[in-house]
Amino acid sequence: MIYEEMEKLALECGFSHAAPLDAGTIELHKEVRDACEQNTCHMYNACWSCPPACGTLEECEARLRSFQKGIILQSSIQLEDSFDVEGLMELGERHKNALEAFTDAIRAVYPKALVLGAGGCNRCKKCTYPDQPCRFPDKQLSSMESYGMVVNEVCKKNNIPYNYGKDTMTYVGCALVE
């Protein structure tokens, strides 16, 4: 699948923007992973897709470095104002649905694609971690941050905006395919 086809698929799945991703531009930062331990999102040590279950930073880097290219996936919204909680919730749901649809479609072509989203995996209402194996390991999604990425840095290095203006919000994911 060439980039133009991936971009078309991304837009059909509901993303607002897509851009080519050069995996060589991605840097992983220990500080980002360390921030996960602060557990502000309540996902640390709570699901298979987040630290520590998603692997050490070195294991994540090894997975990442097996790819050379992919696509950045963004969902953006213009908010009524900076307190537009309903808009943020709508964006979160839209991004989640687009990412799940894209993951299913891209893994039909690239079964080993590494798809990373915004926030932890939420395919299941309650994760089986740590008592049982993941119910859907082929659909599981870790976040870019769980791998140690600074998301706006990845966007900048790949020439796609991270901020689309005043009172906007953008969720970002990516898929590495080759």
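Things to note:
- Net length available on complete extension from E153 to S82 is 23.3 nm, with 0.36 nm assigned per residue and the Cα-Cα distance removed.
- Using a 4.7 Å Cβ-Cβ cutoff, the cysteines of the chain lacking any partner cysteine are C13, C36, C41, C50, C54, C60, C121, C124, C134, C155, C174.
- Segment 78-141 - percent relative contact order, Cα under 8 Å, separation 6 or more: 27 percent
- Here the sum of -39500 (n - 2.57) over DSSP H runs of 4 or more residues, divided by the residues of the chain, equals -10000 deg cm²/dmol at 222 nm, to the nearest 500.
- On full extension, the segment bounded by K8 and R107 gains 34.1 nm, given 0.36 nm per residue less the C-alpha separation.
- Label-point gap, in nm, between D22 and N97 - each point 7 angstrom along Cα→Cβ: 3.6 nm
- Theoretical gain in end-to-end length, E90 to R65 [0.36 nm per residue, Cα-Cα removed]: 5.6 nm
- Cα-based reach from K30 at 24 Å (exclusive), listing lysines while leaving out same-chain residues under 8 positions away: K69, K156, K157
- Residue order, fewest to most beta carbons within 10 Å, for I71, I160, I106, I2: I2, I160, I106, I71
- Protection proxy ranking for 57-69, 81-93, using the average of other Cβ atoms within 10 Å per residue and placing the highest first: 57-69, 81-93.
Computed from the coordinates by the stated procedures, all read-outs in this text should not be read as laboratory data. This is a predicted model, so every value here is computed, not measured. Note that each Cβ is placed from the backbone with ideal geometry, even for glycine, and that neighbours are counted across all protein chains shown.
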